[in-house]
1. List VAL126, VAL113 from most exposed to least, where exposure is judged by having the fewest other Cβ atoms within 10 Å.
2. For segment 158-172, list residues with backbone N below 19 Å from a point placed 7 Å from the Cα of LEU86 toward its Cβ?
3. Each label point is 7 Å from the Cα along the Cα-to-Cβ direction; what then is the distance between the points at LYS19 and GLU67, in nm?
4. Using Cα pairs closer than 8 Å and at least 6 residues apart in sequence, work out the relative contact order for segment 73-188, in percent.
5. Can you list the residues of segment 158-188 with backbone N under 13 Å from a point 7 Å past the Cα of LEU76, pointing along Cα to Cβ?
Amino acid sequence: MKRCDRCGALNSEDTEICKECGTIFGAPPALPQENEGEKKENGSEPIAMTHEAAPPVVGPALPPTREKTPVRSLNLAELLFLASGLFLLSSGFQNLGAGISILAVQFVLLGIVATLFGLLQIAFIVMPDMMASLEKMRSTMTVVIALTFLIWGTAAAFGPSVGVSGGFIASAGLASTLGIMLNEGMIR
């Protein structure tokens, strides 16, 4: 077994490069070089070296590192809008199912509107580049969504003939309202 002079790792006899630090076995050791601005202890100028310095010790090439793709973080307002969209989507599907089974137009209408606006809320957060054309109207649409479902959800929660999952719909409206208030700086 060979012991590396640089790091002390044990290597097999047939290796020419240290497996730990990459030092080449049998290469002449690098000589320490003095700084040009230093003077010797007796005050005289340093003597120039007449021999060539040993080539630098180079280990095996490292594998290329992959750059990580940046991950976009969400702030609290965006999380509230995302939760609002998920609540609306869930409630929309439940109202569509209930409306089709009992043939109630108000359930179907609530289901279509909640599903559409739920998808829109989610798309604004998940795919902001695709929704850039609607960015000018986003705040207005968010206010409309918040007020509509805050009122309609409360009505559905207390009126059995208005819709199902009224609590989820009212929660979606409340989450959108809180998200708007955070974006506008009304609350922290």
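Please treat every number below as a calculation from the coordinates, not as lab data. Please read all numbers here as calculations on a predicted model, not as lab measurements. Because the Cβ atoms are built from the backbone with ideal geometry, glycine has one as well, and the counts that use them run over all protein chains shown.
1. VAL126, VAL113
2. Residues 165-172 qualify, since their backbone N sits under 19 Å from the label point.
3. 3.5 nm
4. RCO, segment 73-188: 33 percent.
5. 178-188
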